[in-house]
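To start, the structure itself, in structure tokens.
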Amino acid sequence: MTRPDLKNSIKKIREKLPKKAKPEQETEKAEEAPKPAKKKSSITWGAIFRRINEIVMDRVADIVTGIDKVLDVMAWGAERASVLFLRKVHGFREGLMEHATILKRIFLFGVLSAVVIISVFMGAIDYTYSYHGRALGIVKEQSDVLQVLDLVSDGLTKEYGSTVTIDPEKDITFTPIISAGKEIDKPDTVLQKFTYMGDLPTTAYAIMIDGVQAATVQSEDAGNWVIDTIIDRYITGKREDYELVELSEPVEIVEKTVKLSSIQNQRDALAVIDNGISKTYTYTARQGDTPEIAARELGITVEELLAQNPITKDTAQLQEGQELRFTETNKTISVKTVGLETFTEVIPYETITQESSKYYEGDEVVSVEGQDGKQVVTSRVTRVDGELVSKEDLETEVLTPAVNKVVIKGTAERPPTVGSGRFIRPVPYTIHDKFGIRWGRMHEGIDMWDPGCYGAPVYAADGGTVVVSGWYYACGLTVIIDHGNGFKTLYAHASSLAVSVGDKVYQGQHISNIGSTGRSYSPHLHFEIWWNGKPVDPMLYIS
Ligand SMILES: [Zn+2]
């Protein structure tokens with residue numbers, strides 16, 4: 001029986017009931033009769049129930065029609081009697097009419113009872129609600145489900161991070177049942193059931209990496225976000241500025257029907273792809289196994305074995321039955337980029353060596369200090385996950401050229417480091433105090449100075465070996481050279497020393513610098529020449 005048929009049948013009953021009724025009952029019927037009909041029209045009827053209802057209502061209609069006919073006959077008879085038996089009989093007619101009213105009321109009561117029974121019966125009709133054929137529960141009214149669907153979408157979004165819209169027409173089916181004491185879901189239970197149904201099938205998007213489903217997200221946009229995020233980490237500036245941006249594996253985002261709970265939010269999906277696919281291998285040690293054997297069995301190095309297991313370098317033997325593990329993580333995807341990059345580079349200076357006869361053999365003098373330069377290089381750079389794989393220099397712009405270091409190597413024959421017996425002046429300054437008695441005591445050398453001589457170099461008066469280089473009594477910082485021929489020379493009051501004890505020096509070699517250390521009142525060189533350990537007048541020997 002279709003819905004229009006049903007409507008017709010109800011209409012039929014409604015028409016029959018009030019039409020033949022007497023005015024005084026009409027009010028009652030008008031109040032009572034439409035009620036079930038009104039309720040019926042707002043509900044979808046189940047086939048079985050509809051059939052039962054149809055039979056019951058048809059019966060009621062038939063009975064009412066039958067009663068009407070009887071009453072009509074009775075009323076007709078009463079009228080006839082009243083005509084035939086004049087006013088005296090009038091009372092009888094009224095009595096009869098009174099009886100008719102009672103009869104009618106009895107039948108009406110029957111009708112109403114039937115209606116009440118139907119109503120009660122109808123009240124026992126509930127609905128199972130299903131999502132894509134999966135029965136979730138029973139509700140009193142379909143609206144108990146329909147009214148929470150928006151909340152369900154919100155709940156699912158919170159629970160699974162995916163937007164799931166439920167279409168009541170396509171996704172939900174209702175089946176009427178007589179629940180007979182079964183549990184009826186309230187709207188909040190309905191909401192809960194939907195929200196926690198992780199295995200509800202839904203449309204999602206799988207991120208396929210080389211044909212393998214790597215992650216599942218709620219939308220194509222979310223999938224693209226994941227892929228773009230992976231790529232953009234290795235992009236500086238704009239992607240279109242690169243000559244090539246390429247993923248190591250083919251990637252596709254495909255629509256799929258999946259269980260709701262398998263949908264990942266985009267950040268989780270990204271993490272899954274980032275972490276790669278892990279595989280764990282295990283090996284159970286046999287008697288006498290060493291870490292080396294276990295590592296070989298697992299196809300890894302001993303270092304890798306140690307890193308992931310509670311054993312150390314000192315572990316000589318493994319315990320029998322000990323389980324060794326190795327987890328290998330393979331990156332699922334990598335990003336290759338090719339683009340132009342500029343690098344600021346240091347241009348290192350070079351050292352150039354020149355020869356000069358101005359310096360003795362073995363002596364080296366730096367004539368120009370080296371200085372690094374700076375340049376900007378433009379290169380075509382290939383990177384995989386940001387790591388430089390290859391670099392091809394295309395253009396170089398020098399910002400500051402390097403200054404090469406120039407070292408001059410002496411070529412002149414080194415003079416002898418033994419005494420010649422002839423002395424030169426160790427400094428070119430004026431001789432102020434001579435050898436001899438001075439202020440009542442012996443002055444055993446000569447003093448040489450000129451204004452501004454502090455720090456000037458002091459040269460060896462003849463070749464020889466340094467026997468003193470350091471603090472020497474009242475002389476302060478002093479160098480003494482043994483010339484190996486009975487002569488020694490002494491150079492006092494230096495501000496600094498340039499030789500060490502044992503050094504072989506040649507005539508004219510820089511040995512110290514003028515100062516005023518020891519018993520001295522101003523910068524000067526106090527110079528002595530000793531012959532067989534005794535000071536002699538230097539003026540007699542220096543040229
Ligand atoms: Zn002196």
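Read the figures in this text as sums done on the coordinates, not as results from a lab. What you see is a predicted model, and the numbers here were worked out from it, not measured in a lab. Virtual Cβ from ideal backbone geometry, glycine too; neighbours counted across all protein chains shown.
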Original post:
All other residues with a Cβ under 14 Å from the Cβ of PRO426 taken together, and with Lys, Arg as +1 and Asp, Glu as -1, what is their net charge?
Top reply: -1
Original post:
In Å, what is the Rg of the alpha-carbon atoms in the range 203-276, and how long is Dmax?
Top reply: 12.7, 41
Subject >> Two-decimal Rg/Rh across the range 415-540, once Rg and the Kirkwood Rh are taken from alpha-carbon atoms >> reply: 0.93
Original post:
Taking a quarter of the surface of the Cα convex hull of the range 278-330, what do you get in nm²?
Top reply: 3.2
**OP:** Counting residues in the range 338-411 as N, plug N into 2.2 N^0.38 Å and put the Cα Rg over that result.
**Re:** 1.69
**OP:** Work out the length of the dipole vector of the range 415-540 about its Cα centre, built from +1 on the beta-carbon of each Lys and Arg and -1 on the beta-carbon of each Asp and Glu, and round it to the nearest 20 debye.
**Re:** 140
**OP:** At most 11 other Cβ atoms within 10 Å and a DSSP loop assignment: could you name the chymotrypsin sites (Phe, Trp or Tyr not before Pro) in the range 474-543 that fit?
**Re:** TYR521
Subject >> the range 129-197: translational diffusion in µm²/s, Stokes-Einstein, Kirkwood Rh over Cα pairs, 25 °C, 0.890 mPa s >> reply: 201
